[in-house]
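Inspection log for the structure reproduced underneath, given as structure tokens.
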Amino acid sequence: MQIEETRLAGVVILTPQRFGDARGFFSESWNRQRMLDHGIDLEFVQDNHSMSSDVGTVRGLHFQAPPHAQDKLVRCGQGALFDVAVDIRKGSPTYGHWVGVELSAENGKQLLVPKGFLHGFMTRAPQTEIIYKCTDYYAPDCDGAVAWNSCGIDWDFEGAAILSDKDAAAPALADFDSPFVWEG
Ligand SMILES: Cc1cn([C@H]2C[C@H](O)[C@@H](COP(=O)(O)OP(=O)(O)O[C@H]3O[C@@H](C)C(=O)[C@@H](O)[C@H]3O)O2)c(=O)[nH]c1=O
């Protein structure tokens, strides 16, 4: 498991080892002890899986507010996507800053998105599947969103993004009152 820090403390890119042979490959996509060895202590309780049919589909930018905030460990099961985390902890020296990484079925990379960060992605290939582990259960009353195109993210995409009605109506980051506070 290769662990790469990003410009946002706490947001890390994981690349699990792949053991290739004539059949294909084997990989441990999650190993709690290996993460503990790196000082990352996460107890996941829900796994999510979604498929987006078309290139340019955006899901996000989403969060669950406390007391049901979620850390998410995200990977791509099929296709490819550009996955993003945005710091929304009030008072954070990196408030509003973002990190993006290409996750694909081919590269096997994973992005760890901690509590206090927006999460979202844009698909780069048709029929793209995303799979992610969460440290709290879905709590619709705590569900929130910020507009995908209001955070200065370079999506590297020309054309019309495909969004849910909910995401199309999300407030801009500039008009958003975050429920998260930076704890230092
Ligand atoms: C997120 C979620 C949704 N649902 C239901 C609610 C709704 O009827 C349907 C689709 O929900 P959404 O439109 O919110 O799905 P989606 O836009 O894919 O939402 C997800 O986006 C990514 C970026 C995240 O980070 C996730 O946490 C989640 O917010 O699935 C659950 O039953 N459990 C869940 O955990």
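The values are calculated or read from the model by the stated rules, or taken from the named source; none is laboratory data. If you're wondering where the values come from, they're calculated on a predicted model, not measured in any experiment. Here Cβ is always computed from backbone atoms with ideal geometry, including for glycine, and neighbour counts include all displayed protein chains.
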Expected single match for touching a residue at least 24 places away in the same chain (Cβ under 8 Å) and more than 16 Å from the ligand (Cβ to nearest atom) among 32, 23, 75, 18 is 18
Across the stretch 91-139, the tally of residues that are surrounded by fewer than 22 Cβ atoms within 10 Å (Cβ to Cβ), within 14 Å of the ligand (Cβ to nearest atom) and of a type in the set (S, T, N, Q) stands at 1
Residues in the stretch 2-58 that are surrounded by 11 or more Cβ atoms within 10 Å (Cβ to Cβ) and part of a helix (DSSP H, G or I) total 5
So, first residue farther than 14 Å from residue 151 by Cα and acidic (Asp, Glu) in the stretch 48-62, second residue modelled with pLDDT of 95 or more and more than 10 Å from the ligand (Cβ to nearest atom), Cβ within less than 6 Å, six or more apart or across chains; the pairs are 54/162
For the stretch 123-148, pairs from a residue that is basic (Lys, Arg) to a residue that is assigned to a loop (DSSP other than H, G, I, E, B), with Cβ under 6 Å and 6 or more apart or across chains, are 133/44
Scanning the stretch 52-71 residue by residue, the ones that are more than 10 Å from the ligand (Cβ to nearest atom) and β-branched (Val, Ile, Thr) total 1
